[in-house]
Amino acid sequence: MTKLLDYENPLMQVLNQIGRLIWLNFLTVLCSLPVITAGAALTALDSQILRLVRHEESGITEAYFQAFRKNFRQGTSIWLILLACYGLVAVDFCLITKLEIPAIRPLLAAVLAVLTGTALYAFPIAARFANPVCTVMRNALLMSLVQLPKTAVMMVLYAIPVGFVWLSEGLLPLWLMFGLSAPAWLSAMLYNKLFLKLEQAAKAEH
């Protein structure tokens, strides 16, 4: 029994990781409730998720709110830019539907995919690198295109929990537990090596 409860036990490590993901998801949802703070919440989430992937021990709650405060302005700016872009795409979709111009739909779908790919990298980049917002957005766009297969996988990872909730509202509690943190954790495992290389290159320059 003592061995089973030992922190070094693989089962305990898995349960501990699951518990951290649930708590991070709760913190992110809670801090996103005012909507305008969602960008800072997502940046803080990605900051802590990458620490989990790299097995960097820290107090989750304290470190999360430190990252939230530190990246509040930049995360909020990125969030508002993305919301404005998504809003424009939504308006365009409504217009072409009303004007019955279906030929433009594939183009808008491509724009939506590029925008989503950029969004998936923008918050992790903001969490790990000190750059102006315009540089973060540019790098996120370039990274999403260079890492296109991984970007596609990341899109699917984030879409699956949403799809489950759309199919059955009874799965909403599951989304509240893992809907953001689990896709972020799996995505971080995909881009972690690239981020490590970029971080090492940035240190070498200084």
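The values are calculated or read from the model by the stated rules, or taken from the named source; none is laboratory data. The model shown is predicted, which means the values in this text are computed figures rather than measured ones. Here the Cβ is made from the backbone with ideal geometry for all residues, glycine too, and neighbour counts use every protein chain on show. Ligands, DNA and RNA are stripped out before the accessible areas are found, and what is left, the full protein with its side chains, is counted by its heavy atoms. Shrake-Rupley method; radii C 1.70, N 1.55, O 1.52, S 1.80 Å.
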- Residues that are at pLDDT below 95 and farther than 20 Å from Met154 by Cβ: which helices (runs of 4 or more DSSP H) entirely in the range 1-106 hold 2 or more of them? 10-32, 60-70, 72-98
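Listed here are the residues, each with its yes/no results for (1) open to solvent by less than 30 Å² (accessible area, probe 1.4 Å); (2) under 18 Å from the mean Cα position of the chain (by Cα); (3) at positive phi.
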| position | (1), (2), (3) |
| --- | --- |
| Gln13 | no, no, no |
| Trp23 | no, yes, no |
| Ile36 | no, yes, no |
| Ile49 | yes, yes, no |
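Within the range 194-203, is there a residue that is among the aromatic types (Phe, Trp, Tyr), under 15 Å from Tyr121 (Cβ atoms) and assigned to a helix (DSSP H, G or I)?
Restricting attention to the range 194-203, the residues satisfying the condition of being among the aromatic types (Phe, Trp, Tyr) are 195.
Narrowing further to those that are under 15 Å from Tyr121 (Cβ atoms): 195.
Checking which are assigned to a helix (DSSP H, G or I) leaves us with 195.
The answer is yes; a qualifying residue exists.
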- Subset tally (residues that are open to solvent by 40 Å² or more (accessible area, probe 1.4 Å), free of Cβ contacts under 8 Å to residues at least 24 places away in the same chain and either among the small types (Gly, Ala, Ser) or closer than 28 Å to Phe68 by Cβ (or both)) for the range 113-146: 7
- Message: Restricting to the range 140-171, give me the number of residues that are closer than 14 Å to Leu115 by Cα and not in a helix (DSSP H, G or I).
- Response: 0
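Results for (1) of a type outside the set (Asp, Glu); (2) farther than 20 Å from Leu24 by Cβ; (3) open to solvent by 70 Å² or more (accessible area, probe 1.4 Å); (4) out of contact with any Cys (no Cβ under 9 Å at 6 or more places or on another chain), shown as yes or no for each residue.
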| residue | (1), (2), (3), (4) |
| --- | --- |
| Phe164 | yes, no, yes, yes |
| Ser168 | yes, yes, no, yes |
| Leu171 | yes, no, no, yes |
| Leu174 | yes, no, yes, yes |
| Phe178 | yes, no, no, yes |
| Ser181 | yes, no, no, yes |
| Ala188 | yes, no, no, yes |
| Asn192 | yes, no, no, yes |
| Leu196 | yes, yes, no, yes |
- Message: Against the conditions (1) over 25 Å from Ser32 (Cα atoms); (2) open to solvent by 50 Å² or more (accessible area, probe 1.4 Å); (3) touching a helix residue (DSSP H, G or I) at 6+ places or on another chain (Cβ under 8 Å), where does Lys203 fall short? Just the number, please.
- Response: (3)
- Message: With the structure loaded, tell me whether Ala110 is under 18 Å from the mean Cα position of the chain (by Cα), farther than 18 Å from Ala40 by Cα and of a type in the set (A, V, I, L, M, F, W, C) or whether it fails that test.
- Response: no
